[in-house]
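Novice: Dropping a structure here in structure tokens format, bear with me for questions.
What follows draws every value from the coordinates through simple rules; no lab data is involved. A quick note: this is a predicted structure, and the numbers were derived from the prediction, not measured. All Cβ positions, glycine included, derive from the backbone under ideal geometry; neighbour counts span all protein chains shown.
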Ligand code: CTP
Ligand code: ZN
């Protein structure tokens, strides 16, 4: 029998197969931060047949939009989304890497206009390379690779 790391939920969004150790970044991308009121269950570094170890995040009572969920692909490209109603999964899908993301990543170029006083929404173009995801700043062209470091913390 399969052991459950965290209990099942009645209604809401389950994000499964998150790369081990990335659950906190997933929460950041979903803007669930210190002081947020969502009921969140999570597990880090639990055993997984497919991945060795993985993280899981369950947000109860909330159906997160597909667009917002796809941003998770930036740091957890294998994540699976399960939408739950009355304890049943009514939709299951894999995250898809978006072509562009707005308001998710910061540009490391200190002279970039997004790091000035101008009120500009940060925007990156995203592509998949052999060794991972690469994002390019829409405004200055700077390319970034280890995206973890650039996830906006607000
Ligand atoms: N889940 C939940 N609450 C429910 C139903 C499912 O939290 N009422 C969670 C499960 O704990 C699991 C995920 O949703 O983390 C997917 O459930 P399920 O498809 O039953 O598990 P698997 O077959 O292992 O999923 P997959 O095929 O995606 O590996
Ligand atoms: Zn820039």
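Novice: Taking every eigenvalue of the Cα gyration tensor of the stretch 100-149, multiplying by 5 and rooting it, what semi-axes result, largest first, whole Å?
Specialist: Sorted largest first and rounded, they come to 20, 10, 9 Å.
Novice: If a paramagnetic tag sat 7 Å from the Cα of residue 127 along the Cα-Cβ line, which residues of the stretch 88-106 would have the backbone N under 20 Å from that point?
Specialist: 96-102, 105-106
Novice: Report, for the chain, the % of DSSP beta bridges that are antiparallel, rounded to 5.
Specialist: Within the chain, antiparallel bridges account for around 100 percent of the total.
Novice: Based on the inverse mean of 1/r over its pairs of different Cα atoms, what is the Kirkwood hydrodynamic radius of the stretch 11-94, in Å?
Specialist: That comes to 12.7 Å for the stretch 11-94.
Novice: Quick one: what does P(r) look like for the chain with 5 Å bins over all Cα pairs, in whole %?
Specialist: Pairs per bin, as whole percents: 2, 9, 18, 20, 19, 13, 9, 6, 2, 1, 0, 0.
Novice: Further question: Please identify which residues in the stretch 139-154 have an amide N closer than 15 Å to a label point set 7 Å out from the Cα of residue 24, following the Cα→Cβ vector.
Specialist: 148-154
Novice: Taking 0.36 nm per residue of sequence separation and subtracting the Cα-Cα distance, how much length would be gained by fully extending the chain between residue 120 and residue 92, in nm to one decimal?
Specialist: Length gained, residue 120 through residue 92: 6.6 nm.
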